Amino acid sequence: MPPRPDFTSQRLFIDQPMREGDQIALDKAQSNYLLNVLRMREGTGLLVFNGREGEWQAVLSDCSKKSAGLTIVSRLRQQPVSADLWLCFAPLKSARLDYMVQKAVEMGASRLVPVLTHRTQVSRLNMERMRANIIEAAEQCGVLAVPEAVQELKLSKLLETLEPARTLVFCDEGATLGDPVKALAGIRRNAPLAVLIGPEGGFDDEERRMIMAEKNSIAIALGPRILRADTAAVAALTTVQIALGDWV
């Protein structure tokens, strides 16, 4: 049984290699956050991770008024094998997109793929903001694997680029109501998956035909009510994790 995350200590994402004894210089924003927002002082312990090499105990070092560094002490958790779980979604307006991204990280998505559909309301995304939301969510919820965020692409392009081994879980508001967990029962646990969520107005008939023409596409319904796109993403990822993921 792997050790459980420590939710009492401050966690910080550092995009650098880590080894025991390494000295790491923090950037201006990280230094300001630790020294001036959290009021940490030299020698204070915290947890650090880079999304590749597990979680490490570190201590704050080389502190001045405007800068700080870290000394890497020891590894506390090994990097787990990440699920190959994509969340493909029609972009939303900023506040609701922030929520969706944060929850997708918490739910174990490995890649976030914005998809442009006929009824998509937002065509351009702030990728820097999306990345910041991913990192913040990972820091706060004990996640060690940091999802990749990719640039938006058209639905047709997504369908062209899906590998044959990846099952496309199509969350279709027009699908026949039924048990979505049972609908996924024939898929191998921890198999590569892509969960597809539509825009607020749903997919049009042409898009639905394109999606269902894919050999590895499975349509599921998310209950009798029409869900907002950000709610649908959480519901779909929950269903997938119960049926095929790491919840059981």
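Structure summary
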{"item": "Cβ-derived FRET efficiency at R0 30 Å, Asn126 paired with Leu38, nearest 0.05", "result": "0.70"}
{"item": "Solvent-accessible area of Ile226 with every protein chain in place, 1.4 Å probe, in Å² to the nearest 10", "result": "140"}
{"item": "Relative packing of 56-66, 228-238, which averages over residues the other C-beta atoms within 10 Å, highest first", "result": "228-238, 56-66"}
{"item": "Helical mean residue ellipticity (222 nm; -39500 (n - 2.57) per DSSP H run of 4+; nearest 500) of the chain", "result": "-8000 deg cm²/dmol"}
{"item": "³J(HN,Hα) computed for each position of the range 94-107 - Karplus, 6.51 cos²θ - 1.76 cosθ + 1.60, integer Hz, glycine/proline x", "result": "3, 5, 6, 5, 4, 4, 4, 4, 4, 5, 4, 4, 4, 8"}
{"item": "Environment charge of Ala137, counting only residues whose C-beta is closer than 9 Å and scoring Lys/Arg +1, Asp/Glu -1", "result": "-2"}
{"item": "Antiparallel %, DSSP beta bridges [both residues in the chain], to 5", "result": "40"}
{"item": "Karplus-derived 3J(HN,Hα), 6.51/-1.76/1.60, for each residue of the range 42-53, Hz, glycine and proline x", "result": "3, x, 5, x, 7, 9, 10, 8, 10, x, 10, 10"}
{"item": "Other-chain or far-sequence residues with amide H under 5 Å of Thr44's (modelled H)", "result": "Leu60"}
{"item": "DSSP-assigned coil residues among chymotrypsin sites (Phe, Trp or Tyr not before Pro) in the range 148-248, each with at most 16 further Cβ atoms within 10 Å", "result": "Trp247"}
{"item": "Lys182 accessible area, 1.4 Å probe, all protein chains in place, Å² to nearest 10", "result": "150"}
{"item": "Full-stretch length increase - Lys154, Ser74 - with 0.36 nm per residue and alpha-carbon distance subtracted", "result": "24.4 nm"}
{"item": "Loop-resident sites, the range 96-131, for trypsin sites (Lys or Arg not before Pro), counting at most 16 other Cβ within 10 Å (DSSP)", "result": "Arg119, Arg124"}
{"item": "The range 101-248, accessible area per residue, ligands and nucleic acids excluded (1.4 Å, Å²)", "result": "49"}
{"item": "Solvent-accessible area, 1.4 Å probe, carbon plus sulfur percent, for the range 111-248", "result": "51"}
{"item": "Environment charge at Met212 (Cβ cut-off 15 Å; Lys +1, Arg +1, Asp -1, Glu -1)", "result": "-4"}
{"item": "FRET efficiency estimate (nearest 0.05) - Cβ-Cβ, Ser64 to Arg19, R0 22 angstrom", "result": "0.35"}
{"item": "Tilt relative to the chain, helix 127-141 - C-alpha long axis, 0 to 90 degrees, to 10", "result": "70"}
{"item": "Largest to smallest accessible area among Asp246, Asp179 [probe 1.4 Å]", "result": "Asp246, Asp179"}
{"item": "Euclidean distance between Cα centres, the range 198-248 to the range 1-49, Å", "result": "37"}
{"item": "Karplus 3J(HN,Hα) series, Hz, for the range 159-172 with 6.51 cos²θ - 1.76 cosθ + 1.60 (x for Gly, Pro)", "result": "5, 5, 9, 5, 5, x, 7, 8, 7, 9, 8, 8, 7, 10"}
{"item": "Leu38 - accessible surface, heavy atoms, 1.4 Å probe, Å² rounded to 10", "result": "60"}
{"item": "Count, lysine Cα pairs under 17 Å in the chain, 8 or more residues apart or across chains", "result": "4"}
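The values are calculated or read from the model by the stated rules, or taken from the named source; none is laboratory data. Predicted model, so just to flag it, every value in this text is computed and none were measured. All Cβ positions, glycine included, derive from the backbone under ideal geometry; neighbour counts span all protein chains shown. For accessibility, only protein heavy atoms count, side chains too; no ligands or nucleic acids. Shrake-Rupley method; radii C 1.70, N 1.55, O 1.52, S 1.80 Å.
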